[in-house]
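Just below is one structure, and these are the notes that go with it.
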């Protein structure tokens, strides 16, 4: 009994978010163009990435207006994915250190991770 | 604001966590959306796992490689007779994909307003943006291959760069290409009145939109992790 005949929202909200996406993309590009480094670089890249992703999923893909059951089923597993990603990052770092210990340094210059 | 979800006997379904319990304990269906929409979301979830695996393995390989990773802003810079501009092609590609998401959102809106002509042209515009994106990606591939990037080695840094790059952008480009075809098929069906005959239901445009926004979403992650990082 699908009764969702398509909740229509004023098109203006889509235009605003669309504009915002351009702004965030511009800022993301600036992070590289202005050659930010280190923690500032990573946190800004991730911030803009998650903001853009959030707006695309929430507004363009309509998730903000869906029922909680659908939100949980679709957004829950990616949270588990994030845990997996953290575990893999930790393991990769360990692998890197182990390789250094057993095989030695390859590039004497700072490694661009 | 959203209309209240109803059971088939007309009772209002609760919202929030009580709503989750009500939905999952329902006797006929869990999700109060058309089945096509639910299925597209579930497909996109599976696709998230696929891209998640690729991006995670790229991360793992990059962190654990002893060799220095090629610097993206150098590798992907283009010069138009002057100083190389870092990531200019990627910036344009991002711009194109975001534009396509905008035209898609408008198409969905027009679809629900039953404006078949505007829906058709907006979907065609979205597909055109997508085709532009894939062509630019193909150009980037030829440029890198000319410069000697191979899945097993490259002159700029760690040998694993090529395989991760081609695999991830290749899969994404494939999804964009499939999306372009999907968009055009649905657009022409809208134009030819196929959905009018089927009862005037234009949810298919929204479902197509979900797929297309997903393609843009994946690019947001690729852009951040591959090109900016």
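Going by what's in this entry, would residue B:45 be described as more than 8 Å from chain A (Cβ to nearest Cβ) and part of a helix (DSSP H, G or I)? Answer is no for this residue. What tally of residues in the range B:73-89 results from selecting those that are buried (at least 19 other Cβ atoms within 10 Å of the Cβ) and within 8 Å of another protein chain (Cβ to nearest Cβ)? So the count comes out to 2.
Residue B:103 falls short on exactly one of the conditions (1) more than 7 Å from every other protein chain (Cβ to nearest Cβ); (2) in contact with a helix residue (DSSP H, G or I) (Cβ under 6 Å, 6 or more places away or on another chain); (3) under 22 Å from residue B:204 (Cβ atoms); (4) surrounded by fewer than 19 Cβ atoms within 10 Å (Cβ to Cβ), and that condition is (4). When the residues of the range B:15-35 are filtered to those that are surrounded by 16 or more Cβ atoms within 10 Å (Cβ to Cβ) and out of contact with any strand residue (DSSP E or B) (no Cβ under 9 Å at 6 or more places or on another chain), the one that is farthest from the other protein chains (Cβ to nearest Cβ) is B:22.
Does the range A:19-26 contain at least one residue that is under 26 Å from residue B:63 (Cα atoms), within 9 Å of chain B (Cβ to nearest Cβ) and either buried (at least 19 other Cβ atoms within 10 Å of the Cβ) or more than 18 Å from the chain's Cα centre (by Cα) (or both)? Yes, the range A:19-26 contains a residue that is under 26 Å from residue B:63 (Cα atoms), within 9 Å of chain B (Cβ to nearest Cβ) and either buried (at least 19 other Cβ atoms within 10 Å of the Cβ) or more than 18 Å from the chain's Cα centre (by Cα) (or both). On the basis of being more than 27 Å from residue B:13 (Cβ to Cβ) and either more than 8 Å from chain B (Cβ to nearest Cβ) or modelled with pLDDT of 95 or more (or both), does residue A:91 make the cut? Yes: the conditions hold for residue A:91. Could you please let me know if residue A:40 is under 20 Å from the mean Cα position of the chain (by Cα) and buried (at least 16 other Cβ atoms within 10 Å of the Cβ)? No; evaluated as a whole, the condition is false for this residue.
Residue-by-condition table, conditions (1) farther than 30 Å from residue B:110 by Cβ; (2) surrounded by fewer than 20 Cβ atoms within 10 Å (Cβ to Cβ); (3) at pLDDT 95 or above:
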{"position": "B:156", "(1), (2), (3)": "yes, yes, no"}
{"position": "B:159", "(1), (2), (3)": "yes, yes, no"}
{"position": "B:164", "(1), (2), (3)": "yes, no, yes"}
{"position": "B:172", "(1), (2), (3)": "no, no, yes"}
{"position": "B:179", "(1), (2), (3)": "no, no, yes"}
{"position": "B:182", "(1), (2), (3)": "no, yes, yes"}
{"position": "B:186", "(1), (2), (3)": "no, no, yes"}
{"position": "B:195", "(1), (2), (3)": "no, no, no"}
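Wholly within the range B:116-229, which helices (runs of 4 or more DSSP H) include no fewer than the required count, namely at least 3 residues that are within 14 Å of chain A (Cβ to nearest Cβ)? Explain how you work it out, then say what you get.
On the way: elements: B:116-146, B:160-191, B:194-197, B:203-222.
Qualifying helices (runs of 4 or more DSSP H): B:116-146, B:160-191, B:203-222.
Quick check on the range B:90-113. Is at least one of its residues without any contact (Cβ under 8 Å) to a residue 24 or more places away in the chain, assigned to a loop (DSSP other than H, G, I, E, B) and within 22 Å of residue A:36 (Cα to Cα)? Checking the range B:90-113: not a single residue is without any contact (Cβ under 8 Å) to a residue 24 or more places away in the chain, assigned to a loop (DSSP other than H, G, I, E, B) and within 22 Å of residue A:36 (Cα to Cα). Within the range A:19-38, the set of residues being free of Cβ contacts under 8 Å to residues at least 12 places away in the same chain and more than 20 Å from residue B:226 (Cβ to Cβ) comprises A:19, A:22, A:23.
The one condition from (1) surrounded by fewer than 19 Cβ atoms within 10 Å (Cβ to Cβ); (2) part of a helix (DSSP H, G or I); (3) touching a residue at least 24 places away in the same chain (Cβ under 8 Å) that residue B:53 does not meet is (3). Quick one: which residue in A:74, A:59, A:45, A:100 is facing chain B (nearest Cβ under 9 Å) and either in contact (Cβ under 8 Å) with a residue 24 or more places away in the chain or in contact with a strand residue (DSSP E or B) (Cβ under 9 Å, 6 or more places away or on another chain) (or both)? Result of the check over A:74, A:59, A:45, A:100: A:59.
The values are calculated or read from the model by the stated rules, or taken from the named source; none is laboratory data. None of the values given here were measured: they were computed from a predicted structure. Using ideal geometry, Cβ is built from the backbone for each residue, glycine included, and neighbour counts are taken over all protein chains shown.
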